[in-house]
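The values are calculated or read from the model by the stated rules, or taken from the named source; none is laboratory data. The model shown is predicted, which means the values in this text are computed figures rather than measured ones. Ideal geometry is used to build each Cβ from the backbone, glycine not excepted, and the neighbour counts take in all protein chains shown.
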Amino acid sequence: MAGYSLGVDIVDVPRIARLSRQRRFLARVFTPEEIAYCRGKKNASQHFAVRFAAKEAVYKALGKSGVGHKEISVTNDARGKPSVLLAGRLKRLERRVALSLSHTADYAVAVAIYEA
């Protein structure tokens with residue numbers, strides 16, 4: 001019987017909006033593809049915030065220590081459905097993670113489910 005692990009995170013969008021003005025923060029947390037995607041959106045700070053929440057939720061769901069923000073990235077399919085891309089030693093777990101994202105002007109929330 002497979003087990004499941006859940007990760008949830010909520011982020012203050014204005015806080016991430018302030019941080020996303022810092023090139024160092026962006027480079028430390030997001031992949032170049034994520035940065036390009038978010039900057040291409042009308043409300044870029046909401047997209048940065050929800051991706052930050054997603055990284056935290058996936059980290060919590062995986063329950064692995066020593067995972068960096070850039071080892072977890074978020075992409076969207078043609079219809080906008082988000083999915084997780086994992087790098088390095090985590091790549092083999094990628095297909096076992098499901099993700100749901102939502103955001104408003106003030107808050108971004110992410111839920112990740114990992115099938116262990």
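Here are a few things to note about the model shown:
- Within segment 16-40, if we keep just the residues that are within 15 Å of the chain's Cα centre (by Cα) and among the small types (G, A, S), the residue that is surrounded by the most Cβ atoms within 10 Å (Cβ to Cβ) turns out to be S20.
- Out of V50, V13, sole residue that is under 28 Å from A116 (Cβ atoms) and either exposed (fewer than 14 other Cβ atoms within 10 Å of the Cβ) or at pLDDT 95 or above (or both): V50
- Among (1) closer than 15 Å to L93 by Cβ; (2) among the β-branched types (V, I, T); (3) more than 12 Å from the chain's Cα centre (by Cα) - the single one V58 does not satisfy: (3)
- In segment 54-74, residue modelled with the lowest pLDDT [restricted to those that are touching a Phe, Trp or Tyr at 6+ places or on another chain (Cβ under 8 Å) and either closer than 20 Å to P32 by Cα or assigned to a strand (DSSP E or B) (or both)]: V67
- Checking each residue in segment 88-108 for being crowded, with 16+ Cβ neighbours inside 10 Å, of a type outside the set (S, T, Y) and either without any contact (Cβ under 8 Å) to a residue 12 or more places away in the chain or more than 14 Å from A61 (Cα to Cα) (or both) picks out L101, H103, A108.
- Test: V84 is modelled with pLDDT of 95 or more, closer than 22 Å to Y4 by Cα and in a helix (DSSP H, G or I): no
- Residues that are more than 13 Å from A112 (Cα to Cα), surrounded by fewer than 16 Cβ atoms within 10 Å (Cβ to Cβ) and not β-branched (V, I, T), drawn from segment 70-87: N76, D77, A78, R79, G80, K81, A87
- Summed over segment 11-38, the residues that are in contact (Cβ under 8 Å) with a residue 60 or more places away in the chain and of a type in the set (A, V, I, L, M, F, W, C) give a count of 3.
- Qualifying residue in segment 27-40 (condition: modelled with pLDDT of 95 or more, of a type in the set (K, R) and more than 13 Å from G7 (Cβ to Cβ)): yes
- Qualifying helices (runs of 4 or more DSSP H) (wholly inside segment 1-45; at least 1 residues being among the acidic types (D, E)): 32-39
- Selection status of T31, touching a Lys or Arg at 6+ places or on another chain (Cβ under 7 Å), farther than 14 Å from L90 by Cα and not small (G, A, S): yes
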